[in-house]
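> One structure coming up, written as structure tokens, with questions to follow.
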Amino acid sequence: MPLRRNRQPQPGPLPQEFGSAVFDQAARLDAELPDLDWTVLPDGARRLDLRVPSGTLAAVAMGNAEDPPVLLVPGATGSKEDFSLMLPELAAAGYYVLSFDLAGQYESSGAGPENLTPPAPRYDYELFIGDLLAVLAACTAPAHVVGYSFAAVVAQLAWARRPDLFASLTLLSCPPEPGQSFRGIRRIGRLTPYANGRVGAALMIWGIRRNLVPVPPGRLRFVRQRFLRTRRQSVRDIFELMQRAPDLRPLLAAAPLPKLVAVGEHDLWPLALHAEFARVIGAKLAVYRAGHSPCETSPHQLCRDLLALFRNPA
């Protein structure tokens, strides 16, 4: 079933009214979302390949390449399709929207540490930072960057390295604590320090495949197919990277960069941790009636709030 192209979102509410506190046209559109075939891109979206230090990344773009860029970066076990419902909304609002699969993930499974100069043994932060900075450097202007989950950590590190490439920074379902970032997860967080990358990756993939956090049949079918192409080593290495997330909170707090923390009220981490993270770094906070994936379940509301951030950064 093709993805629907809906009307352009409204300009956005006041910053203190971000998220699902506002019931408007965006909220109504999200409430009416059908189950989808996530392998079908929106009308007007185009596939492309991006050359980066780790190899070739599979990407999708929508909009006029001369318009202000928005870069949507998926997380571990994710892919560019996670933002399919957001592409038409942001492109219709006058932005060039680009998303790509992280190295080792889904259709970027061929990208990896063996392609670096010199080759490296593992996926590490430097690999993901280098890839992201290469994509940003190829944009025609500083980009509005949305980093999802693990990619939110990478986006913070890339911003610290090259702040001139960023127009704004949105941290979507971002691990809210540095260090062993899994420790705050409900119920199982206290056990994660004892899991190595192999065990942690296996548990992550098992939980998603078993649909422990229920998603519609079309979404589950796509996710299971995606795992067949994702390189297991990349998931193992990312799990271990998330066990030593760097602390960039002081730098972010001092930055004049427009910042948004966007999260579902039923995220993996308690909402109180996300709220404290947003407060400490001086970011606006948007909370949706969603789990870990507002980009899939609240895409119109998230786009509405992103547009408000882009247009009214103060």
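Values quoted throughout were computed directly from the atomic coordinates according to the rules given, and no laboratory measurement underlies them. Remember, it's a predicted structure, so these values are computed and weren't measured experimentally. Neighbour counts are summed over all protein chains in view; Cβ atoms, including those assigned to glycine, are modelled from backbone coordinates with ideal geometry.
> Quick one: net charge around Leu57, please, counting Lys, Arg +1 and Asp, Glu -1 for every other residue with C-beta under 10 Å from its C-beta. Working shown, then result.
Values: positive: Arg51, Lys80; negative: Asp49, Asp101, Glu107, Asp131.
So the surrounding residues net to -2.
> Could you rank the peptides 271-277, 72-78 by their average count of other C-beta atoms within 10 Å per residue, with the highest value first?
72-78, 271-277
> Most exposed first by the Cβ proxy, i.e. fewest other Cβ within 10 Å, how do Tyr125, Tyr148 rank?
Working: Tyr125 17, Tyr148 27.
Ascending Cβ contact count within 10 Å gives the list Tyr125, Tyr148.
> Per-residue counts of other Cβ atoms within 10 Å, averaged by peptide: what ranking do you get for 96-103, 56-63, 22-29, highest first? Kindly include the intermediate steps, with their values, before the conclusion.
Values: 96-103: 26.5, 56-63: 21.4, 22-29: 16.6.
In decreasing order of mean packing, 96-103, 56-63, 22-29 become 96-103, 56-63, 22-29.
> Could you pull out every residue, at least 5 positions away or on a different chain, whose amide H is within less than 5 Å of the one on Val261? Hs are placed 1.01 Å off N in the peptide plane, and Pro or chain starts have none.
The list, which skips near neighbours in sequence, is Leu171, Lys284, Leu285, Ala286.
> In percent, how large is the relative contact order of region 15-311, given Cα pairs closer than 8 Å and 6 or more residues apart? Present the calculation step by step, with values, prior to reporting the outcome.
Working: 592 pairs, mean separation 67.8, N = 297.
Dividing the mean separation by the residue count of region 15-311 yields 23 percent.
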